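Structure record follows, encoded as C-alpha cells.
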Amino acid sequence: MSDARGKAGVSRIDAKFAALRAEGRGALGIFVSAGDPDFETGLAILKGLPGAGADMIEFGMPFTDPMADGPAIQESSQRALKAGMTLTGVLEMVRAFRAGDQDTPMILMGYYNPIYSYGVDRFIEDALASGVDGLIVVDLPPEEDRELCLPALARGLGFVRLATPTTDDVRLPAVLKNTAGFVYYVSIMGITGTAEVPTDLVTKAVERLKRHTDLPVCVGFGITTPEQAAGIARCADGAIVGTAVVKTIKASLDHEGRATEATVSDTLGFVRGLADGVRGARRPAPHA
Amino acid sequence: MAATAQPNSLRAGPDADGHFGIFGGRYVAETLMPLILSVEKAYEEAKADPEFQRQIAYYHTHYIGRPSPLYFAERLTEHFGGAKLYFKRDELNHTGAHKINNVMGQALLAKRMGKTRIIAETGAGQHGVATATACALFGMECEVFMGAEDVERQKPNVDRMRLLGAKVHPVTSGSGTLKDAMNEALRYWVSKAETHFYIIGTVAGPHPYPAMVRDFQSIIGIEVKQQMMAAEGRLPDTLVACIGGGSNAMGLFHPFLDDTDVEIIGVEAGGLGLNSGKHAASLNGGRPGVLHGNRTYLLQDDDGQITEAHSISAGLDYPGIGPEHSWLNDIGRVKYVAANDEDALRAFALCTRKEGIIPALEPSHALAHVGTFIGDRPKDQIVVMNLCGRGDKDMDAVMPKLEKMGLL
Ligand SMILES: Cc1ncc(COP(=O)(O)O)c(C=O)c1O
C-alpha cells in the first residue's frame with residue numbers, strides 16, 4: 001500500500017489497522033522467536049510471512065528466562081539462543097526484513113533485561129532505525145513506565161500493553177493510558193500455549209476494553225486453528241498466533257533440532273491456513 | 001522495623017513503589033500486577049494490626065522455638081585465636097533453618113486474605129519444607145517447585161515435603177535449580193493468580209516481597225541485639241551471614257544498619273572460584289539487571305541473558321540477590337565477599353568437629369569467611385555469625401566430598 005510508505009513506528013501500525021478496517025476484516029498477527037531455529041531459516045520465514053497472509057509480526061526477542069511463556073515458546077527461545085541469537089541480531093533481521101517490506105508492522109516482543117543491558121536510549125534509536133514499530137515488554141507493567149514506555153512513546157515507537165482477565169475496570173485506565181498501536185488482550189489466565197481461547201468470554205472482554213479505548217484490540221495466547229483465528233478476528237481487531245506457529249517450526253526440524261527443507265514451507269503453509277480463516281471472517285461494518 | 005526508622009535512616013526503604021535506590025520495583029506481567037498490589041495492601045494493613053503481630057509472636061514462641069540462642073562458640077574462638085565468635089542459632093528452629101520465620105508470617109497473611117492454596121519455590125528445600133509445614137499446620141494446600149537437580153541433591157527435604165502433604169513439582173527447564181524453580185512457580189502463579197498465594201522464600205521478587213520477607217526475618221537481628229546486650233553489654237563489632245537471595249542475612253543485618261560502628265559482611269557463594277565463571281556471586285561477579293520482578297545485580301552475559309549460577313549449596317545456587325543488598329552494596333554500608341565450595345566444605349567439617357554442630361552448607365560459607373579474618377582481630381572484639389540452618393539435608397551430598405578431601 002503506497003500510502004503507508006514513509007510511515008514508521010506507531011504510525012505504520014495505525015495505517016495497517018486503518019487499511020484493514022477499510023477492507024472490513026481483522027488482522028492476523030504472527031509470533032515467531034527471532035532466529036528460530038537459526039538466523040538464515042528464521043529470516044526466510046520472516047520474509048515469507050506477509051506473503052503467507054500475516055498482517056503484522058510479533059517478533060520475539062529470545063530470553064533465557066521467559067516467565068510468561070509456556071514450554072513451546074520457551075523452547076523456541078532456547079533454540080534461537082543456542083543458534084547464537086542476540087538483541088543485535090534481532091535488529092539486524094528486522095533491518096533485512098524492512099528492506100523488502102514497508103507495510104507490515106513489526107512489533108518486538110520479549111522481556112526487559114536484554115533491552116536494559118543494551119541500553120534503553122540506544123535500543124530505542126536502533127530499533128526505530130531498523131524498522132521496528134512497536135514494543136511489547138511483558139515484564140514492564142504501567143508501574144514501571146518511566147523505564148522504557150515513556151521514552152519510547154516520546155520517539156514515536158509504539159508501546160503495546162497487555163490487558164488480562166485480571167485487569168479490572170479500576171486498573172484498566174492505568175493500563176491503557178500510555179498504550180499506543182493497539183491493546184493486546186491476553187485471553188487466558190496463564191502463560192502462552194497452555195489453554196484454548198474461550199471465544200465467548202473473549203467477546204465480552206473485548207467489548208469491555210472497547211468501552212475504555214479507541215485503540216484496536218488484538219487477542220492472543222491460546223489461538224491454534226484457522227477456525228479459532230477466524231472467530232477471534234470477528235469479535236476483535238486482530239488475532240495473534242504464536243505457540244501453534246513455533247510448534248510447526250519444531251515439528252519440521254530434524255532429530256538434532258536443525259532446520260530441514262520443510263521448515264520454511266511448513267511454517268508458511270500453516271500461516272496461510274490461518275490467514276484464509278481470518279480473511280474469510282468478514283466483520284460487520286463499523287458504525288463510526 | 002522500618003516503621004520506627006529515623007529520617008536519615010538506612011532502614012527507611014523501600015519507597016512507595018518498592019525501590020531501594022535504583023533497585024527493587026515491580027517487573028512482572030500484567031496478570032500478576034493486581035494480585036501483587038493486593039498482597040501489598042493486605043500486608044500494610046496486617047503490619048499495623050496488633051492482632052497480626054500477636055499471632056506471629058505466638059508462633060515464634062510456641063511453634064518455631066524463638067528466641068533462638070545466641071551461643072558463644074568457645075572452641076572455634078580458641079581455634080582461630082582472635083576475636084570472640086558467637087553463633088545466632090537459627091538452625092535450632094523448627095524445620096531446621098531461618099526460612100520458617102518468613103513462612104509463618106506469609107502463611108498468616110495468606111490466611112488473613114482468605115487464601116488457602118499456597119505455592120512456593122525452593123532451592124535447598126528448607127523453604128519448601130517450612131512452607132509445607134505451615135500448610136499442614138493451617139490446613140492449606142501446598143505446591144512446591146524445585147529444580148530437578150536440587151531434588152536429587154536435597155532428597156531428604158523432598159521426602160519431608162511429601163510427608164507433610166505437599167506436592168513437589170520437579171523443574172527440568174534451564175539448569176534445574178532455584179532460578180528455574182522460581183520461573184516455574186511464577187508461571188504457575190500467573191495461571192492461578194485469583195486463588196493462590198505465592199510464598200516467596202527470600203528477600204527478592206516484586207515489591208512488596210523483598211520488604212515483607214525482610215520484616216519477617218528481622219526477628220533474627222532484633223533478638224541478637226537484645227541477647228548481645230545481655231551477654232556482653234554492647235553491640236557486636238562484626239556481623240557475618242551467607243547470601244543466597246539474602247533473607248537470613250537481611251534478617252540479621254537490617255536492625256543494625258543504622259549502628260554504623262557495626263561492620264557488616266555478606267558472604268556469597270564463590271563456587272569453583274570467582275575467576276572460574278562457575279559461582280553464584282551476583283554482587284562480586286554480576287551487574288544490575290531485571291529478573292523475577294526486581295532490578296538487582298545478576299549473573300548475565302553481554303547480551304543480558306541470565307547465566308547459570310554454580311554452588312555446592314543448593315540454597316545459594318541463584319544468579320541474583322535481593323534488591324536491598326544491591327543497594328547496600330552500592331552505598332558501601334555492607335561489604336560483600338565470596339567463599340568457595342571447598343572452603344565451605346572445610347568449614348562444614350570444622351564446625352562439626354569443634355562445636356558438635358552440623359551446619360548447613362549455606363552458613364558453612366559464612367564460617368569459611370569468618371575463618372579468613374577472625375584470627376587477626378583483637379580478642380576483645382565480637383563477631384556474630386548467623387548459623388541459619390542445620391546440615392542434615394546435606395549429608396548425602398557432603399559425605400563423599402569430605403571423604404575425598406580427607407576430612408573424615
Ligand atoms: C540454611 C539456609 N541458609 C541460607 C539459604 C539461602 O537463602 P537466603 O540467602 O535467603 O537466606 C538457604 C536457602 O535455601 C538455606 O536453606
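The values are calculated or read from the model by the stated rules, or taken from the named source; none is laboratory data. Predicted model only: the values in this text are computed from it and were never measured. Because the Cβ atoms are built from the backbone with ideal geometry, glycine has one as well, and the counts that use them run over all protein chains shown.
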Review point. Before we move on, is B:Phe348 surrounded by 24 or more Cβ atoms within 10 Å (Cβ to Cβ), modelled with pLDDT of 95 or more and either away from the ligand (no atom under 14 Å from the Cβ) or of a type in the set (Phe, Trp, Tyr) (or both)?
Key: yes
Review point. On the given criteria, is B:Arg353 out of contact with any Asp or Glu (no Cβ under 9 Å at 6 or more places or on another chain), surrounded by fewer than 24 Cβ atoms within 10 Å (Cβ to Cβ) and farther than 27 Å from B:Arg295 by Cα?
Key: yes
Check your understanding: Would it be correct to say that B:Pro210 is part of a strand (DSSP E or B) and either more than 14 Å from the ligand (Cβ to nearest atom) or crowded, with 24+ Cβ neighbours inside 10 Å (or both)?
Key -> no
Exercise for review: Can you give me the ranges of the helices (runs of 4 or more DSSP H) entirely in segment B:81-153 with at least 1 residues that are touching a residue at least 40 places away in the same chain (Cβ under 8 Å) and more than 16 Å from the ligand (Cβ to nearest atom)?
Suggested key: B:99-112, B:126-138
Check your understanding: Here are some residues: A:Ala22, A:Ala96, A:Ala54. Which one is crowded, with 24+ Cβ neighbours inside 10 Å and aliphatic (A, V, I, L, M)?
Key -> A:Ala54
Point to revise | Filter result for A:Asp169 (among the acidic types (Asp, Glu) and either within 13 Å of another protein chain (Cβ to nearest Cβ) or closer than 30 Å to A:Asp38 by Cβ (or both)) | key: yes
Review point. Within segment B:223-264, how many residues are in a strand (DSSP E or B) and either without any contact (Cβ under 8 Å) to a residue 24 or more places away in the chain or of a type outside the set (Asp, Glu) (or both)?
Key: 6
Point to revise | Any hit, segment A:182-196, residues being touching a residue at least 40 places away in the same chain (Cβ under 8 Å), in a strand (DSSP E or B) and within 11 Å of chain B (Cβ to nearest Cβ) | key: yes
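One line per residue, one yes/no per condition, for (1) under 16 Å from A:Ile136 (Cβ atoms); (2) in a helix (DSSP H, G or I); (3) touching a Leu at 6+ places or on another chain (Cβ under 6 Å):
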| site | (1), (2), (3) |
| --- | --- |
| A:Val202 | no, yes, no |
| A:Val219 | yes, no, no |
| A:Gly222 | no, no, no |
| A:Ala229 | no, yes, yes |
Review point. Do we have B:Gly105 as surrounded by 20 or more Cβ atoms within 10 Å (Cβ to Cβ), at pLDDT below 95 and within 17 Å of the chain's Cα centre (by Cα) here?
Key: no
Exercise for review: Please find, within segment A:94-147, the residue that is farthest from the other protein chains (Cβ to nearest Cβ) out of those that are outside any helix (DSSP H, G or I) and among the hydroxyl-bearing types (Ser, Thr, Tyr).
Suggested key: A:Thr104
Check your understanding: Is at least one residue of segment B:169-183 in contact with a helix residue (DSSP H, G or I) (Cβ under 7 Å, 6 or more places away or on another chain), away from chain A (no Cβ under 14 Å) and within 16 Å of the ligand (Cβ to nearest atom)?
Key -> no
Review point. Assuming B:Thr307 fulfils every condition listed in (1) surrounded by fewer than 24 Cβ atoms within 10 Å (Cβ to Cβ); (2) within 13 Å of the ligand (Cβ to nearest atom); (3) hydroxyl-bearing (Ser, Thr, Tyr) apart from one, which condition is it?
Key: (2)
Review point. Does B:Gly165 fit the bill of being free of Cβ contacts under 8 Å to residues at least 24 places away in the same chain and of a type in the set (Gly, Ala, Ser)?
Key: no
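Residues are listed down the side, and each one gets a yes or a no for (1) surrounded by fewer than 22 Cβ atoms within 10 Å (Cβ to Cβ); (2) more than 24 Å from B:Lys192 (Cβ to Cβ); (3) aromatic (Phe, Trp, Tyr):
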| position | (1), (2), (3) |
| --- | --- |
| A:Gly181 | no, yes, no |
| A:Val186 | no, no, no |
| A:Ile191 | no, no, no |
| A:Phe221 | no, no, yes |
| A:Ala233 | no, yes, no |
| A:Thr243 | no, no, no |
